[in-house]
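Report on the following structure.
The values are calculated or read from the model by the stated rules, or taken from the named source; none is laboratory data. Keep in mind that this is a model prediction, so the values were computed, not measured. Glycine also receives a Cβ, built like all others from the backbone with ideal geometry; neighbour counts cover every protein chain displayed.
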Amino acid sequence: MYVNAAIVSPSNEKKVWRYLLDLHELRFRYKGNLRFFCNYSSMADLSIAFFSLLLLFFSLSLLVFLAFIVRPRPVKVPIKNRHVFITGGSSGIGLALAQQAASEGAKVSILARNTGRLEDAKESIRLSTGRDVAIFSADVRDYEAVKKAVEEAGPIDVLVCNQGVFVPQELETQDIEEIKFMIDVNLTGTFHLIKAALPGMKNRADRGPGSIAIMSSQAGQVGIYGYTAYSASKFGLKGLAEALQQEVIGENIHVSLIFPPDTETPGFAEENKRRPQLTSILAASSGSMKADEVAKKALNGLKSGNFIVPCNFEGFFLSIATAGLSPQRSFLMAFIEVIAAGILRVVGLCFQWNWYGSIDKFLEERK
């Protein structure tokens with residue numbers, strides 16, 4: 001910086017020199033701060049890069065580890081030209097499953113109690129797919145009747161245990177016979193079907209991958225007000241499926257556990273007539289689906305050999321949150337389960353907070 005000497009009088013000389021010194025000091029400080037800022041930015045960039053690499057290394061290592069340990073291994077279950085036996089096949093999800101399986105070239109058998117509905121379902125499938133299906137009338141609570149139907153149908157490649165009943169009510173006021181009815185149909189009936197079908201499935205002709213698909217419910221993953229007996233009957237299916245998979249894996253039979261939400265079926269319409277008000281409020285957190293939508297998800301899941309088969313967005317996250325010690329064939333899904341477990345636990349607690357808040361509000365309004 002240059003200063004014109006003509007304007008510097010002796011009286012102002014000290015002020016000018018002070019001014020120059022201040023400018024010099026300010027310049028020094030600015031350079032120092034700039035250097036510090038640049039160094040700090042470089043350190044921050046290095047830290048971000050380091051942690052990014054560390055996260056990438058951890059993620060890749062976890063993926064490799066999971067790819068090595070997931071059991072059972074991935075498998076595809078074909079259904080074309082194979083025998084698919086579906087219970088509860090006269091209406092709702094079962095009928096939709098039968099139609100979709102038949103349209104993909106499967107040899108389909110359906111079992112239900114009502115002979116008239118079975119005949120109607122047979123005609124409906126023939127008209128929509130051009131294929132005939134075998135029909136069998138039996139009550140799944142009657143083991144001998146189930147065994148006879150299965151033997152008449154012949155060796156089964158894919159068994160879909162789709163039968164189910166749901167009578168929503170608080171435990172205290174529900175009739176004990178209704179409780180037994182739900183458990184007998186939903187849980188014991190599934191035992192009857194699998195036990196009757198296993199000998200033939202083990203001796204199936206092509207020895208290709210077989211499948212046992214069990215229709216549970218999102219109420220089989222989390223208990224809800226008014227679902228006391230129903231949830232118990234569906235929760236039991238998970239234990240059955242996990243143990244059964246270990247028993248039949250050596251026979252190349254693969255178990256799938258399907259978790260549909262509320263599904264728009266004739267039975268669902270009847271259920272809503274007596275569903276407790278609070279049950280409807282809490283169950284609204286997961287939307288309903290159409291029967292053919294659930295059937296498509298279920299069929300794709302069992303063909304992919306998936307053990308857990310969710311049917312909607314909420315069900316996907318619910319399945320991750322409740323995976324526990326269940327088998328997982330996909331190492332990518334296993335990776336998601338590991339990474340998301342802690343977060344989804346927090347989400348689950350938020351749901352519980354919301355549900356119990358709704359219960360408190362409902363009970364307060366009833367006072």
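Taking the stretch 205-221 as the range and being of a type outside the set (A, V, I, L, M) and without any contact (Cβ under 8 Å) to a residue 60 or more places away in the chain as the test, the residues that pass are Arg207, Ser216, Ser217, Gly220.
The condition (being assigned to a loop (DSSP other than H, G, I, E, B), touching a residue at least 24 places away in the same chain (Cβ under 8 Å), among the aliphatic types (A, V, I, L, M) and farther than 23 Å from Ala149 by Cα) is satisfied by just one residue among Ile281, Ile224: Ile224.
Does Leu66 fit the bill of being surrounded by 15 or more Cβ atoms within 10 Å (Cβ to Cβ), assigned to a helix (DSSP H, G or I) and at pLDDT 95 or above? In short, no.
Looking across the stretch 210-253, the residues that are in contact with a Lys or Arg (Cβ under 7 Å, 6 or more places away or on another chain) and closer than 26 Å to Val75 by Cβ come down to Gly210, Ser216, Ser217, Gly220, Glu251, Asn252. Scanning the stretch 141-167 for residues that are within 17 Å of Ile214 (Cβ to Cβ) and touching a Ser or Thr at 6+ places or on another chain (Cβ under 6 Å) turns up Val158, Cys161, Asn162, Gln163. Out of Ser91, Ser109, Ser128, one residue alone is in the same structural domain as Ala213 (by TED's automatic domain parsing) and in contact (Cβ under 8 Å) with a residue 60 or more places away in the chain. It is Ser91.
Within the stretch 204-217, at least one residue is in contact with an Asp or Glu (Cβ under 9 Å, 6 or more places away or on another chain), modelled with pLDDT of 95 or more and not in a loop (DSSP other than H, G, I, E, B).
Considering Gly250, Gly189, the condition of being in contact (Cβ under 8 Å) with a residue 12 or more places away in the chain and in a helix (DSSP H, G or I) is satisfied by Gly189 alone. The single residue among Phe166, Phe181 that is surrounded by 16 or more Cβ atoms within 10 Å (Cβ to Cβ), of a type in the set (Phe, Trp, Tyr), within 25 Å of the chain's Cα centre (by Cα) and in the same structural domain as Thr279 (by TED's automatic domain parsing) turns out to be Phe166. The residues of the stretch 274-325 that are among the acidic types (Asp, Glu) and more than 26 Å from Ser358 (Cβ to Cβ), listed by number, are Asp292, Glu293. The requirement of being polar (S, T, N, Q) and in the same structural domain as Asn162 (by TED's automatic domain parsing) is fulfilled somewhere in the stretch 294-301, by at least one residue.
Of all residues in the stretch 81-92, those that are within 30 Å of Gly250 (Cβ to Cβ) and within 26 Å of the chain's Cα centre (by Cα) total 6. Restricting Ile156, Ile194 to residues that are outside any loop (DSSP other than H, G, I, E, B) and under 31 Å from the mean Cα position of the chain (by Cα) narrows the list to Ile194.
For the stretch 108-116, does any single residue satisfy the condition of being in a strand (DSSP E or B), in contact with a His (Cβ under 9 Å, 6 or more places away or on another chain) and buried (at least 16 other Cβ atoms within 10 Å of the Cβ)? Taking every residue of the stretch 108-116 in turn, at least one turns out to be in a strand (DSSP E or B), in contact with a His (Cβ under 9 Å, 6 or more places away or on another chain) and buried (at least 16 other Cβ atoms within 10 Å of the Cβ). Evaluating Ala153 against the criteria (1) free of Cβ contacts under 8 Å to residues at least 60 places away in the same chain; (2) under 30 Å from Gly105 (Cβ atoms) leaves one unmet condition, (1).
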